[in-house]
1. Throw me the Rg/Rh for the chain, computed over C-alpha atoms with Kirkwood Rh, two decimals.
2. Could you estimate the translational diffusion coefficient of the range 1-119 from the Stokes-Einstein equation, with Rh from the Kirkwood formula over C-alpha pairs, at 37 °C and 0.692 mPa s, in whole µm²/s?
3. Evaluate the Debye formula for the range 235-387 with equal point scatterers sitting on the alpha carbons, no solvent, and hand back log10 of I(q)/I(0) at q = 0.11, 0.18 Å⁻¹, in q order, two decimals.
4. To the nearest 0.05, how large is the calculated FRET efficiency for VAL4 and SER352 if R₀ is 56 Å and r is the Cβ-Cβ distance?
5. May I ask for the net charge around ALA118, where only other residues with Cβ less than 14 Å from the Cβ of ALA118 are counted and Lys, Arg are +1 while Asp, Glu are -1?
6. Got the relative contact order for the range 294-394 handy, in percent, Cα pairs under 8 Å and 6 or more residues apart?
7. What does the extension gain come out to for PHE328 and THR174, with contour length at 0.36 nm per residue minus their alpha carbon separation?
8. Once you have the Cα-Cα distance between GLU135 and ARG319, take 0.36 nm times their residue separation minus that, and quote the gain in nm to one decimal.
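Since every read-out is calculated from the coordinates, none of them should be taken as a lab result. All values reported here derive from a predicted model rather than from experimental measurement. Glycine gets a Cβ as well: all are built from the backbone with ideal geometry, and neighbour counts include every protein chain shown.
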Amino acid sequence: MVLVRPENTQQARLVRLLRDDGPRSRVELGDALGLSRSTLTTELERLVAGGLVETAGPAASRGGRRSSLLRLAGGVRFASVVVAADRVRVAITDGELNVRAEADDAVDVRTGPEPVIARAVELVDKLRAELGVAELAGVGIGLPGPVGVEAGTSVAPAVLPGWQRFGVRDAFATELGCPALVDNDANLLALGEQHTGIGRTFDDFLYLKLGTAIGCGLVLGGTLYRGATSSAGDIAHLPLGEDGPACVCGESGCVEAYCGDAGLVGAALTAARSGPPGALAARLAAAGTLTVRDVAAAATAGDPAAQAVVRDAGRRLGRVLVGLVSFFNPGIVVIGGAPDGAGHLLLAEIRSVVYRRSAPLATGTMPVVLTDLADRAALVGAARLVSEHVFTTH
Ligand SMILES: [Zn+2]
């Protein structure tokens with residue numbers, strides 16, 4: 001099918017509603033968007049004629065004339081590509097952004113953009129062949145670290161050496177023959193949370209992404225907020241202390257240097273070498289090094305030194321959130337990427353700082369939660385990213 005784009009604002013709103021809420025009756029669509037019956041009929045007829053919307057059987061009767069359900073055309077397919085430091089993951093979704101197939105492979109981003117993009121395109125093509133997808137409506141791409149969304153390039157030499165200013169968006173658009181958009185992984189996770197997670201019920205929320213790199217996605221008034229140069233939410237290198245641990249950015253004492261995976265491991269190594277014998281020291285002696293999984297496992301098993309490392313990171317993240325929450329007044333804070341098993345310990349410490357130190361008006365009813373989405377969230381977010389672009393008027 002050749003994808004027809006919405007011709008006007010009403011059509012764009014209809015299509016996005018069907019994307020987000022699934023099949024709906026005419027009455028429900030009219031109520032949700034406040035459209036008159038005649039406008040609704042006209043625009044839906046055009047969307048159906050163009051092939052972007054189709055009827056999906058009868059709606060439950062509300063009395064009177066039976067109406068039919070409408071839904072996004074069953075043939076709409078988006079592709080998602082999420083690049084991490086050591087892995088690329090891809091998916092094909094339908095128009096409602098349900099993942100229909102996914103695949104992944106080990107890559108090393110330090111080899112530069114060309115081989116990684118080539119592998120991602122191969123994986124997408126393999127899924128297209130399996131699903132019989134002739135044409136993609138668009139591809140959304142996530143990269144770790146800061147992304148210049150306007151230019152469609154990475155601007156993160158520390159995370160992606162060799163990718164600086166490389167035209168990632170244009171490469172995918174050319175290879176896959178469809179519109180492409182690139183954003184950073186924290187923003188994709190926020191979009192995934194907005195589509196299928198607890199973010200569905202909040203117009204204003206903040207997504208804190210932990211892990212190797214730390215970032216923040218900010219949804220304000222129902223829309224992802226990127227700022228003037230698409231670096232809003234890039235909190236990785238906020239300074240927390242001049243004499244803190246060295247950071248990949250060349251400074252010291254950054255949020256990421258303390259609370260990123262490498263920061264947790266660094267603090268755990270120090271504790272294991274200098275503290276009393278315990279699970280961390282035993283693990284270090286056995287393996288010669290520690291990973292963030294070791295830290296989380298030791299903390300979960302009750303090792304005091306490992307728990308202190310996690311709590312310390314939680315307190316620091318809590319202080320960062322106190323500032324962000326008082327400034328943006330989100331309805332909820334969602335945290336993703338916490339080390340497996342140590343999330344609740346980390347969350348407890350974050351909450352205690354946030355609730356103790358923030359203004360009551362800002363946090364009185366504001367939940368701070370761990371995401372309950374599995375790791376498909378970024379793939380869904382990537383599809384949502386490009387769908388926002390496709391399902392708009394041009
Ligand atoms: Zn830094």
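1. 1.02
2. 200
3. Rounded to two decimals, the profile gives -0.48, -1.13.
4. Given R0 = 56 Å and the Cβ-Cβ separation, E is 0.60.
5. On the way: positive: ARG119, LYS126; negative: ASP105, ASP108, GLU114, GLU122, ASP125, GLU175.
Its environment carries a net charge of -4.
6. On the way: 92 pairs, mean separation 30.7, N = 101.
Result for the range 294-394 is 30 percent.
7. Taking PHE328 through THR174 to full extension adds about 51.6 nm, to one decimal.
8. Working: separation 184, 0.36 × 184 = 66.24 nm, distance 4.73 nm.
Contour length minus the Cα-Cα distance gives 61.5 nm.
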